[in-house]
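Shown next, in C-alpha coordinates, is the structure this report addresses.
The values are calculated or read from the model by the stated rules, or taken from the named source; none is laboratory data. Just so it is clear, the structure is predicted and the values come from calculations on it, not from any experiment. Here the Cβ positions follow ideal geometry from the backbone for every residue, glycine too, while neighbour counts run over all protein chains shown. Heavy atoms of the whole protein, side chains included, go into the accessibility calculation; ligands, DNA and RNA do not. Shrake-Rupley method; radii C 1.70, N 1.55, O 1.52, S 1.80 Å.
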Amino acid sequence: CEIDGLPADTSIRTVELIDGRAVSLTWAPDGGMGRVDPGWLRSMAEGRWRPEADIPERTPWEASGMPAPPTFDGPSVLSDDHALADFLHAAWTLGFARLRNLPTAPGTVLTVGERIGTVRSSNFGFMFSVETKPDPDSTAYTSVALDGHTDLATRETQPGLQLLHCRENTATGGASTMADGFAVAEAMRRETPAEFEAISTLKWVFTNRHRDTDYRFSGPIVELAGGGQVVEIRNTGFLRAYPDMADRDIPAAYQALRVFTAHCRSERFLCRTPFAPGDLVLFDNRRMLHGRDSFDPQSGHRRLEGCYLDRDEILSRLRILARRGRDVG
Ligand code: OGA
Ligand code: ZN
(Lines give C-alpha, C1' and ligand atoms only; values in the text may rest on other atoms or scores of the structure.)
(Ligands and ions follow the chains in the order given, each with its own letter.)
Protein backbone atom coordinates (compact mmCIF):
# COMPACT_ATOMS: atom_id res chain seq x y z
CA CYS A 1 0.00 0.00 0.00
CA GLU A 2 1.03 3.63 -0.25
CA ILE A 3 2.08 5.74 2.73
CA ASP A 4 -1.45 7.01 3.38
CA GLY A 5 -2.61 3.41 3.94
CA LEU A 6 -0.25 2.92 6.92
CA PRO A 7 -0.94 3.93 10.53
CA ALA A 8 0.75 7.27 11.32
CA ASP A 9 2.31 5.93 14.56
CA THR A 10 4.17 3.02 12.91
CA SER A 11 7.35 1.93 14.72
CA ILE A 12 9.50 -1.19 15.04
CA ARG A 13 8.23 -3.54 17.77
CA THR A 14 10.67 -6.49 17.57
CA VAL A 15 13.89 -7.23 15.70
CA GLU A 16 15.20 -10.77 15.33
CA LEU A 17 18.18 -12.26 13.54
CA ILE A 18 17.19 -15.31 11.42
CA ASP A 19 19.95 -17.89 10.87
CA GLY A 20 22.49 -15.07 10.89
CA ARG A 21 21.29 -14.30 7.36
CA ALA A 22 18.40 -11.90 7.58
CA VAL A 23 16.70 -9.56 9.99
CA SER A 24 13.05 -10.11 10.79
CA LEU A 25 10.97 -7.19 12.01
CA THR A 26 7.51 -6.78 13.43
CA TRP A 27 5.83 -3.44 13.30
CA ALA A 28 3.65 -1.63 15.83
CA PRO A 29 0.79 -1.00 16.03
CA ASP A 30 -0.61 -3.70 13.71
CA GLY A 31 1.99 -6.48 14.07
CA GLY A 32 2.92 -6.49 10.36
CA MET A 33 6.07 -8.48 9.61
CA GLY A 34 8.99 -7.66 7.43
CA ARG A 35 12.32 -9.19 6.53
CA VAL A 36 15.42 -7.42 5.38
CA ASP A 37 18.56 -8.73 3.85
CA PRO A 38 21.88 -7.80 5.54
CA GLY A 39 23.34 -6.79 2.18
CA TRP A 40 20.61 -4.18 1.87
CA LEU A 41 21.15 -3.02 5.46
CA ARG A 42 24.85 -2.68 4.82
CA SER A 43 24.39 -0.69 1.64
CA MET A 44 22.04 1.64 3.56
CA ALA A 45 24.57 2.05 6.37
CA GLU A 46 27.37 2.79 3.91
CA GLY A 47 25.27 5.37 2.10
CA ARG A 48 25.30 3.51 -1.23
CA TRP A 49 21.75 4.71 -1.85
CA ARG A 50 22.96 8.28 -2.27
CA PRO A 51 23.11 9.63 -5.84
CA GLU A 52 26.75 10.66 -5.32
CA ALA A 53 27.85 7.20 -4.11
CA ASP A 54 30.31 5.71 -6.64
CA ILE A 55 30.60 9.08 -8.42
CA PRO A 56 34.04 10.66 -8.14
CA GLU A 57 34.45 14.31 -7.06
CA ARG A 58 34.89 16.86 -9.81
CA THR A 59 38.21 18.72 -9.72
CA PRO A 60 38.48 22.18 -11.29
CA TRP A 61 41.68 22.80 -13.27
CA GLU A 62 43.64 25.64 -14.79
CA ALA A 63 45.89 25.34 -17.84
CA SER A 64 49.08 25.05 -15.77
CA GLY A 65 47.74 21.72 -14.47
CA MET A 66 46.48 20.51 -17.86
CA PRO A 67 49.18 20.66 -20.55
CA ALA A 68 47.23 18.14 -22.65
CA PRO A 69 43.82 16.47 -22.41
CA PRO A 70 43.68 13.22 -20.44
CA THR A 71 44.03 10.74 -23.29
CA PHE A 72 42.96 7.11 -23.74
CA ASP A 73 43.06 4.52 -26.49
CA GLY A 74 39.77 4.52 -28.41
CA PRO A 75 39.60 0.86 -29.49
CA SER A 76 40.37 -0.28 -25.91
CA VAL A 77 37.57 1.89 -24.53
CA LEU A 78 35.17 0.37 -27.06
CA SER A 79 36.04 -3.21 -26.14
CA ASP A 80 37.11 -3.19 -22.48
CA ASP A 81 35.02 -2.07 -19.48
CA HIS A 82 38.07 -1.20 -17.36
CA ALA A 83 39.34 1.12 -20.08
CA LEU A 84 35.84 2.61 -20.36
CA ALA A 85 35.74 3.17 -16.58
CA ASP A 86 39.11 4.99 -16.65
CA PHE A 87 38.02 7.18 -19.55
CA LEU A 88 34.68 8.11 -17.95
CA HIS A 89 36.29 8.69 -14.57
CA ALA A 90 38.66 11.25 -16.14
CA ALA A 91 35.89 12.84 -18.20
CA TRP A 92 33.72 13.31 -15.11
CA THR A 93 36.39 14.53 -12.68
CA LEU A 94 38.23 16.83 -15.11
CA GLY A 95 35.27 17.71 -17.35
CA PHE A 96 36.84 16.27 -20.50
CA ALA A 97 38.88 13.39 -21.88
CA ARG A 98 40.15 12.40 -25.29
CA LEU A 99 40.25 9.16 -27.25
CA ARG A 100 42.77 8.53 -30.01
CA ASN A 101 43.13 5.93 -32.76
CA LEU A 102 39.42 5.50 -33.39
CA PRO A 103 38.20 4.58 -36.85
CA THR A 104 37.17 7.52 -39.02
CA ALA A 105 34.05 5.83 -40.41
CA PRO A 106 30.86 7.91 -40.35
CA GLY A 107 28.81 7.34 -37.20
CA THR A 108 31.76 6.31 -35.02
CA VAL A 109 30.76 9.08 -32.60
CA LEU A 110 27.40 7.33 -32.06
CA THR A 111 29.13 4.02 -31.34
CA VAL A 112 31.13 5.73 -28.59
CA GLY A 113 28.06 7.63 -27.33
CA GLU A 114 26.03 4.42 -27.11
CA ARG A 115 28.85 2.81 -25.15
CA ILE A 116 28.01 5.38 -22.45
CA GLY A 117 24.21 5.45 -22.68
CA THR A 118 21.24 6.84 -24.57
CA VAL A 119 22.10 9.45 -27.16
CA ARG A 120 19.99 12.61 -26.98
CA SER A 121 18.62 14.08 -30.16
CA SER A 122 18.19 17.77 -30.96
CA ASN A 123 17.06 19.87 -33.91
CA PHE A 124 20.43 18.91 -35.41
CA GLY A 125 19.53 15.20 -35.22
CA PHE A 126 20.99 12.31 -33.17
CA MET A 127 24.30 13.10 -34.78
CA PHE A 128 25.48 16.41 -36.18
CA SER A 129 28.27 17.12 -38.62
CA VAL A 130 30.54 20.10 -38.11
CA GLU A 131 31.77 21.25 -41.49
CA THR A 132 31.31 24.36 -43.56
CA LYS A 133 27.82 24.40 -45.09
CA PRO A 134 25.99 26.70 -47.47
CA ASP A 135 23.11 28.50 -45.69
CA PRO A 136 24.40 27.62 -42.22
CA ASP A 137 21.86 27.44 -39.35
CA SER A 138 24.70 27.79 -36.84
CA THR A 139 28.00 29.68 -36.69
CA ALA A 140 29.55 26.27 -36.07
CA TYR A 141 29.00 25.44 -39.74
CA THR A 142 31.37 28.16 -40.93
CA SER A 143 35.16 28.37 -40.68
CA VAL A 144 35.26 31.26 -38.19
CA ALA A 145 36.80 30.87 -34.73
CA LEU A 146 34.37 29.83 -32.02
CA ASP A 147 34.96 31.35 -28.62
CA GLY A 148 34.60 29.04 -25.64
CA HIS A 149 30.94 28.15 -25.28
CA THR A 150 28.46 25.56 -24.10
CA ASP A 151 26.18 24.10 -26.78
CA LEU A 152 22.42 24.68 -26.78
CA ALA A 153 22.23 27.30 -24.03
CA THR A 154 18.81 27.93 -25.57
CA ARG A 155 17.44 24.78 -23.84
CA GLU A 156 16.07 24.50 -20.33
CA THR A 157 18.43 21.53 -19.84
CA GLN A 158 21.57 21.89 -21.90
CA PRO A 159 23.04 18.60 -23.13
CA GLY A 160 25.19 17.29 -20.30
CA LEU A 161 27.74 15.50 -22.47
CA GLN A 162 29.06 16.28 -25.88
CA LEU A 163 31.24 14.08 -28.06
CA LEU A 164 33.16 15.47 -31.03
CA HIS A 165 34.90 13.02 -33.33
CA CYS A 166 37.36 14.12 -36.00
CA ARG A 167 36.91 12.16 -39.25
CA GLU A 168 39.08 14.30 -41.44
CA ASN A 169 41.37 17.26 -40.96
CA THR A 170 43.64 18.57 -43.66
CA ALA A 171 42.76 22.23 -43.07
CA THR A 172 45.22 24.70 -41.58
CA GLY A 173 44.15 25.95 -38.13
CA GLY A 174 41.01 24.85 -36.32
CA ALA A 175 42.66 23.57 -33.13
CA SER A 176 40.18 22.66 -30.42
CA THR A 177 40.12 24.65 -27.16
CA MET A 178 38.77 23.77 -23.73
CA ALA A 179 38.46 25.81 -20.55
CA ASP A 180 37.01 24.58 -17.28
CA GLY A 181 34.04 26.85 -16.58
CA PHE A 182 33.93 25.70 -12.95
CA ALA A 183 37.55 26.84 -12.49
CA VAL A 184 36.79 30.18 -14.18
CA ALA A 185 33.79 30.69 -11.87
CA GLU A 186 35.79 29.79 -8.75
CA ALA A 187 38.56 32.19 -9.78
CA MET A 188 35.96 34.96 -10.15
CA ARG A 189 34.47 34.11 -6.76
CA ARG A 190 37.91 34.54 -5.15
CA GLU A 191 39.33 37.39 -7.19
CA THR A 192 36.40 39.53 -8.40
CA PRO A 193 33.45 38.93 -6.04
CA ALA A 194 31.24 41.68 -7.46
CA GLU A 195 31.57 40.22 -10.97
CA PHE A 196 31.00 36.73 -9.58
CA GLU A 197 27.77 37.90 -7.96
CA ALA A 198 26.60 39.42 -11.26
CA ILE A 199 27.56 36.44 -13.45
CA SER A 200 25.82 33.99 -11.10
CA THR A 201 22.56 35.89 -10.54
CA LEU A 202 21.73 38.08 -13.56
CA LYS A 203 19.99 36.28 -16.42
CA TRP A 204 20.46 36.44 -20.16
CA VAL A 205 18.13 35.19 -22.86
CA PHE A 206 19.70 32.76 -25.32
CA THR A 207 17.90 32.45 -28.63
CA ASN A 208 18.23 30.36 -31.78
CA ARG A 209 15.70 31.18 -34.47
CA HIS A 210 15.73 29.55 -37.85
CA ARG A 211 13.06 28.84 -40.44
CA ASP A 212 11.24 26.10 -38.53
CA THR A 213 12.62 26.38 -35.00
CA ASP A 214 12.64 29.07 -32.32
CA TYR A 215 14.45 28.01 -29.13
CA ARG A 216 14.81 30.40 -26.18
CA PHE A 217 15.85 30.15 -22.55
CA SER A 218 16.70 32.67 -19.88
CA GLY A 219 19.27 31.86 -17.20
CA PRO A 220 22.44 33.05 -15.47
CA ILE A 221 25.80 32.22 -17.04
CA VAL A 222 27.01 30.59 -13.83
CA GLU A 223 24.35 28.56 -12.06
CA LEU A 224 24.74 27.93 -8.34
CA ALA A 225 23.04 25.25 -6.26
CA GLY A 226 21.32 26.17 -2.99
CA GLY A 227 24.58 25.67 -1.08
CA GLY A 228 26.44 28.07 -3.37
CA GLN A 229 28.39 25.45 -5.31
CA VAL A 230 28.81 25.98 -9.06
CA VAL A 231 26.72 23.36 -10.86
CA GLU A 232 26.36 24.64 -14.41
CA ILE A 233 27.78 27.04 -16.97
CA ARG A 234 25.46 28.36 -19.67
CA ASN A 235 27.02 30.49 -22.34
CA THR A 236 26.69 30.09 -26.05
CA GLY A 237 28.09 33.53 -26.93
CA PHE A 238 26.75 33.45 -30.49
CA LEU A 239 23.23 32.65 -29.17
CA ARG A 240 23.22 35.17 -26.31
CA ALA A 241 20.55 37.65 -27.25
CA TYR A 242 19.21 39.94 -24.49
CA PRO A 243 20.00 40.91 -20.90
CA ASP A 244 16.93 39.72 -18.93
CA MET A 245 17.28 42.01 -15.94
CA ALA A 246 16.46 45.44 -14.56
CA ASP A 247 18.02 48.26 -16.60
CA ARG A 248 20.14 49.35 -13.64
CA ASP A 249 21.85 45.91 -13.55
CA ILE A 250 22.90 45.90 -17.21
CA PRO A 251 26.27 47.68 -16.75
CA ALA A 252 27.27 45.19 -14.00
CA ALA A 253 26.16 42.25 -16.16
CA TYR A 254 28.32 43.40 -19.09
CA GLN A 255 31.27 44.06 -16.80
CA ALA A 256 30.95 40.52 -15.35
CA LEU A 257 30.63 39.07 -18.85
CA ARG A 258 33.81 40.90 -19.92
CA VAL A 259 35.75 39.36 -17.03
CA PHE A 260 34.28 35.90 -17.65
CA THR A 261 34.96 36.01 -21.41
CA ALA A 262 38.52 37.26 -20.93
CA HIS A 263 39.22 34.34 -18.56
CA CYS A 264 37.73 31.84 -21.02
CA ARG A 265 40.11 33.16 -23.69
CA SER A 266 43.20 33.49 -21.54
CA GLU A 267 46.20 31.17 -21.52
CA ARG A 268 45.57 30.80 -17.79
CA PHE A 269 42.52 28.63 -18.49
CA LEU A 270 42.87 27.31 -22.05
CA CYS A 271 43.94 23.83 -23.06
CA ARG A 272 44.47 23.88 -26.84
CA THR A 273 44.91 20.75 -28.95
CA PRO A 274 44.92 20.02 -32.65
CA PHE A 275 42.31 17.54 -33.90
CA ALA A 276 43.75 14.53 -35.73
CA PRO A 277 41.56 12.06 -37.64
CA GLY A 278 40.45 9.33 -35.20
CA ASP A 279 40.46 11.69 -32.19
CA LEU A 280 37.33 12.10 -30.11
CA VAL A 281 36.78 14.45 -27.22
CA LEU A 282 34.09 13.79 -24.61
CA PHE A 283 33.22 16.68 -22.32
CA ASP A 284 30.68 17.96 -19.83
CA ASN A 285 28.83 20.53 -21.91
CA ARG A 286 27.33 22.09 -18.76
CA ARG A 287 30.80 22.74 -17.34
CA MET A 288 33.44 23.14 -20.04
CA LEU A 289 33.72 26.00 -22.52
CA HIS A 290 34.78 24.44 -25.77
CA GLY A 291 35.82 26.34 -28.85
CA ARG A 292 38.05 26.23 -31.87
CA ASP A 293 40.52 28.40 -33.68
CA SER A 294 39.52 29.65 -37.12
CA PHE A 295 40.64 27.57 -40.06
CA ASP A 296 41.24 28.16 -43.71
CA PRO A 297 38.47 26.36 -45.63
CA GLN A 298 40.52 26.60 -48.86
CA SER A 299 43.46 24.70 -47.32
CA GLY A 300 41.69 21.37 -46.92
CA HIS A 301 38.76 19.58 -45.32
CA ARG A 302 37.81 19.66 -41.66
CA ARG A 303 35.02 17.28 -40.80
CA LEU A 304 33.77 16.47 -37.31
CA GLU A 305 30.77 14.50 -36.13
CA GLY A 306 29.16 15.07 -32.76
CA CYS A 307 26.40 13.89 -30.50
CA TYR A 308 24.94 14.69 -27.09
CA LEU A 309 23.87 12.71 -24.04
CA ASP A 310 22.48 13.88 -20.71
CA ARG A 311 24.70 13.88 -17.62
CA ASP A 312 22.51 11.08 -16.23
CA GLU A 313 24.01 8.70 -18.78
CA ILE A 314 27.64 9.02 -17.66
CA LEU A 315 26.53 8.88 -14.02
CA SER A 316 24.50 5.71 -14.64
CA ARG A 317 27.39 4.10 -16.54
CA LEU A 318 29.89 4.98 -13.78
CA ARG A 319 27.59 3.36 -11.19
CA ILE A 320 27.16 0.23 -13.27
CA LEU A 321 30.90 -0.11 -13.87
CA ALA A 322 31.52 0.35 -10.12
CA ARG A 323 28.83 -2.24 -9.29
CA ARG A 324 30.32 -4.76 -11.73
CA GLY A 325 33.77 -4.07 -10.26
CA ARG A 326 32.43 -4.91 -6.78
CA ASP A 327 30.62 -8.04 -7.96
CA VAL A 328 33.86 -9.35 -9.49
CA GLY A 329 36.09 -8.21 -6.61
C1 OGA B 1 30.27 23.48 -32.40
C2 OGA B 1 31.66 23.45 -32.02
C3 OGA B 1 33.88 22.75 -32.45
C4 OGA B 1 34.82 22.60 -33.58
O5 OGA B 1 29.99 23.00 -33.52
O6 OGA B 1 29.43 23.95 -31.61
O7 OGA B 1 31.94 23.81 -30.92
O8 OGA B 1 35.95 22.19 -33.27
N9 OGA B 1 32.57 22.97 -32.90
O10 OGA B 1 34.47 22.86 -34.72
ZN1 ZN C 1 30.01 23.86 -29.75
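For Ser76 and Arg268 in one chain, what is 0.36 nm times their gap in residues minus the Cα-Cα distance, to one decimal in nm?
So the chain would gain 65.9 nm between Ser76 and Arg268.
Using r as the Cβ-Cβ distance of Val231 and Trp40, and R0 as 30 Å, what FRET efficiency do you calculate, to the nearest 0.05?
E(calc), rounded to 0.05, equals 0.45.
Under a 1.4 Å probe, what is the accessible area of the range 27-109 per residue, stated in Å²?
I get 55 Å² per residue for the range 27-109.
Under a GNM of the chain (C-alpha, springs under 10 Å), which listed residue has the highest mean-square fluctuation: Gly148, Gly300, Gly228?
Gly228
At 0.36 nm per residue, and after removing the present C-alpha to C-alpha distance, how many nm does the segment from Arg50 to Thr139 gain when stretched out fully?
28.0 nm
Let me cross-check Ser200: its accessible surface, 1.4 Å probe, with only protein heavy atoms counted, in Å² to the nearest 10?
Ser200 exposes around 20 Å² with every protein chain in place.
Counting only protein heavy atoms, what percent of the accessible surface of the range 207-329 is carbon or sulfur at a 1.4 Å probe?
Taking all protein chains in place, the range 207-329 shows 47 percent carbon and sulfur surface.
Relative contact order for the range 39-179: what percent, with Cα pairs under 8 Å and sequence separation of 6 or more?
Numbers: 101 pairs, mean separation 25.1, N = 141.
Once normalised by length, the contact order is 18 percent.
Using a 1.4 angstrom probe on the protein heavy atoms only, line up Ser64, Ser176, Ser299 by accessible area, largest first.
Working: Ser64 115, Ser176 15, Ser299 45 Å².
Putting Ser64, Ser176, Ser299 in descending order of accessible area: Ser64, Ser299, Ser176.
Over the chain, what relative contact order in percent results from Cα pairs under 8 Å that are six or more residues apart?
Numbers: 645 pairs, mean separation 90.6, N = 329.
28 percent.
Take Ala241 and Arg324, extend 7 Å from each Cα along the Cα→Cβ direction, and tell me the distance between the two endpoints in nm.
About 4.4 nm, to one decimal.
Which value, in Å² rounded to 10, gives the accessible area of Ile314 with a 1.4 Å probe and all protein chains present?
0
Sorting His301, His263, His290 by accessible area (1.4 Å probe), largest first, what list results? Please list the in-between numbers first.
Details: His301 105, His263 35, His290 15 Å².
Greatest to least solvent exposure: His301, His263, His290.
Could you look at the range 86-135 and say what percent of its accessible area is carbon and sulfur, using a 1.4 Å probe and all protein chains?
On the range 86-135, the fraction of accessible area on carbon and sulfur atoms equals 54 percent.
At q = 0.17, 0.21, 0.23, 0.29 Å⁻¹, what log₁₀ I(q)/I(0) does a Debye calculation on the Cα points of the range 268-329 give, no solvent, two decimals?
-0.84, -1.03, -1.11, -1.31
Find how many whole Å separate the alpha carbon centroid of the range 32-99 from the alpha carbon centroid of the range 103-166.
Taking the Cα centre of the range 32-99 as reference, the centre of the range 103-166 is 24 Å away.
With a cut-off of at most 13 other beta carbons within 10 Å, and DSSP calling the residue loop, which GluC sites (Glu not before Pro) in the range 29-102 qualify? Please list them.
Here the GluC sites (Glu not before Pro) that fit, given the DSSP loop and packing criteria, are Glu46, Glu52, Glu57.
For a quick check, take a GNM of the chain with Cα springs below 10 Å and name the residue from Pro106, Pro251, Pro277 with the largest mean-square fluctuation.
Comparing Pro106, Pro251, Pro277 in a Gaussian network model of the chain, the most mobile one is Pro251.
What number, in percent, do you get for the relative contact order of the range 220-329 if the mean sequence gap of Cα pairs under 8 Å and at least 6 apart is divided by its residue count?
19
Any chance you could tell me what percent of the C-alpha pair distances in the chain go past 28 Å?
Counting every Cα pair in the chain, those more than 28 Å apart make up 49 percent.
Label-point separation (nm) for Ala8 and Ala105, each offset 7 Å from Cα along Cα-to-Cβ?
6.4
In square angstrom, what is the accessible area per residue of the range 168-215 with a 1.4 angstrom probe?
45
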